């Protein structure tokens with residue numbers, strides 16, 4: 001009995017430490033740029049152990065200095081109900097599960113990449129269990145605009161390359177503020193697998209995804225679709 005009480009006490013204290021730690025960093029990152037993520041660390045370590053260049057290419061840029069077409073493109077491509085759902089799109093998730101594909105929202109991807117770790121198959125259910133409350137927490141504290149700002153900065157867009165600012169600089173020789181609709185759709189086109197799909201010398205599949213994203217961007221109404229994003 002004492003052993004059970006001791007284990008319960010340890011688990012409860014561990015939960016509280018984890019919860020308040022996450023809460024602290026959620027509030028912290030509402031105002032401070034995210035400097036590094038677990039995905040960046042994982043890619044760097046993998047490159048290092050395979051004898052490749054382990055440099056991470058990443059530059060934070062504010063929401064106002066990101067061109068509107070990029071914001072619309074990633075929403076059109078990754079999560080069209082982003083402005084209206086509360087973090088997890090349960091309807092879309094059910095459809096995705098039936099089709100055996102991922103159904104994570106932009107908010108979920110931010111929660112996983114900023115606050116959790118790159119794991120393995122055996123711990124995926126633990127990570128998902130933690131991802132859900134963190135997703136709702138950042139929705140509550142950050143608001144949609146901050147979530148999209150962080151997402152656009154931490155997404156993997158190429159080999160050890162993260163964020164739209166670095167994508168713009170490395171692949172288009174400009175800043176994120178100057179990205180065109182076609183370039184934005186090309187960035188969005190590689191997001192499902194930026195180590196396979198490349199912005200430079202894009203394959204036919206990437207070009208097809210780019211054209212589809214441009215079409216979806218027009219259907220959504222362009223930048224006006226995101227005018228109601230919550231900022232506070």
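The values are calculated or read from the model by the stated rules, or taken from the named source; none is laboratory data. Everything numeric here is computed off the predicted structure, so don't read it as measured data. Positions of Cβ are backbone-derived with ideal geometry, glycine not excepted, and every protein chain shown enters the neighbour counts.
Annotations for the structure displayed:
- The residue pairs whose first member lies in segment 43-65 and is within 23 Å of residue 229 (Cβ to Cβ), whose second member is in a loop (DSSP other than H, G, I, E, B), and whose beta carbons are closer than 6 Å, counting only pairs six or more residues apart or on different chains, are 60/33.
- Within segment 128-140, residues that are free of Cβ contacts under 8 Å to residues at least 40 places away in the same chain have Cβ atoms under 7 Å from residues that are surrounded by 15 or more Cβ atoms within 10 Å (Cβ to Cβ) and assigned to a helix (DSSP H, G or I) in these pairs: 131/108; 131/111; 131/112, counting only partners at least 6 apart in sequence or on another chain.
- Cβ-Cβ under 6 Å pairs, at least 6 apart or on other chains, segment 72-101 side assigned by TED's automatic domain parsing to the domain that holds residue 212 and over 21 Å from residue 138 (Cα atoms), far side surrounded by fewer than 19 Cβ atoms within 10 Å (Cβ to Cβ) and modelled with pLDDT under 90: 96/103
- Verdict on residue 226 being surrounded by 17 or more Cβ atoms within 10 Å (Cβ to Cβ), within 19 Å of the chain's Cα centre (by Cα) and closer than 19 Å to residue 147 by Cα: yes
- Residue count for segment 79-107, restricted to those that are assigned to a helix (DSSP H, G or I) and modelled with pLDDT under 95: 9
- Across segment 159-200, the number of residues qualifying as crowded, with 17+ Cβ neighbours inside 10 Å and on the phi > 0 side of the Ramachandran plot comes to 2.
- Filter result for residue 165 (farther than 21 Å from residue 213 by Cα and in contact (Cβ under 8 Å) with a residue 60 or more places away in the chain): no
- Any hit, segment 47-54, residues being within 18 Å of the chain's Cα centre (by Cα) and assigned to a loop (DSSP other than H, G, I, E, B): no
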